[in-house]
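Colleague: Please see the structure below; I have some questions.
The values are calculated or read from the model by the stated rules, or taken from the named source; none is laboratory data. Treat the numbers as computed from the prediction; the structure is a model and nothing was measured. Positions of Cβ are generated from backbone atoms using ideal geometry, with glycine treated the same way; all protein chains shown enter the neighbour counts.
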Amino acid sequence: MSEEDGATPTEPTTTGAETSAPTPGTDRGYPEGVPLADMAETEQLAYWKHQSRKHEAAAKAAPRADELRELRAAKQKLDQVVAEQMTEQEKAVAAARDEGRQSAFTEASTTAVAAIFTATLLDQGMSTEDVQEVTRPLSLGAFVTDGGPDVGAIRAYAARLGARPVTANPDLGQGKRGNGAGVLRSGEDILKQFNI
């Protein structure tokens, strides 16, 4: 229609992609609080674009490796200066705090070693009773390193304990046994036996 016919011109229609484009600062292009599965394709695209940009901004804001080295060196210097300025009582409190932290770390690591050891032995086919009997005399602290439990050493030691491997097809006592004596045979087997 044209204006000459007396009809008023209509606004041009827009597609979904044009209407859901995010407006800077206010609209992100997707409805907040709506499950992703219920969003239109363009809204899902806007959602993932927003998430991507958010993570890119966080990655760009993170310090570089050389900055981290400088920060660690500065922290060490600061810790050294603070330690030099501490009174004897403050030093004793700091030493007690460090000792408590180390004790808690060792205890948590030993508990983790026990759990890893138990899971590894159970996975290798040992019964729960056998696992308890085997692990009771062990010094689990020997498997703790500065970084926590030494999983490789735990698994290697567990393998050396001679745990029974789990058989994929256990023998249930059914079916053909031995050399076949006393077992019903097919007619073809009998014919072969007598060369017929």
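Colleague: Find the residue count for region 151-165, including only residues that are under 24 Å from GLN102 (Cα atoms) and without any contact (Cβ under 8 Å) to a residue 24 or more places away in the chain.
Modeller: Step one: of region 151-165, the residues under 24 Å from GLN102 (Cα atoms) are 151-154.
This time we only want the ones that are without any contact (Cβ under 8 Å) to a residue 24 or more places away in the chain, so: 152-153.
Here the count works out to 2.
Colleague: Here's a follow-up. Say we look at region 15-38 and pick out the residues that are of a type in the set (Asp, Glu) and modelled with pLDDT under 85; which of these is surrounded by the most Cβ atoms within 10 Å (Cβ to Cβ)?
Modeller: Taking region 15-38 and keeping what is of a type in the set (Asp, Glu), we get 18, 27, 32, 38.
So of that shortlist, the ones also modelled with pLDDT under 85 come out as 18, 27.
Working: GLU18: 9, ASP27: 13.
Of everything passing the filter in region 15-38, ASP27 is surrounded by the most Cβ atoms within 10 Å (Cβ to Cβ).
Colleague: Would you check if ALA62 is loosely packed, with under 10 Cβ neighbours inside 10 Å and among the aliphatic types (A, V, I, L, M)? Write out each step before concluding.
Modeller: On the way: loosely packed, with under 10 Cβ neighbours inside 10 Å: yes; among the aliphatic types (A, V, I, L, M): yes.
Considered against the rule, which asks whether it is loosely packed, with under 10 Cβ neighbours inside 10 Å and among the aliphatic types (A, V, I, L, M), ALA62 comes out as yes.
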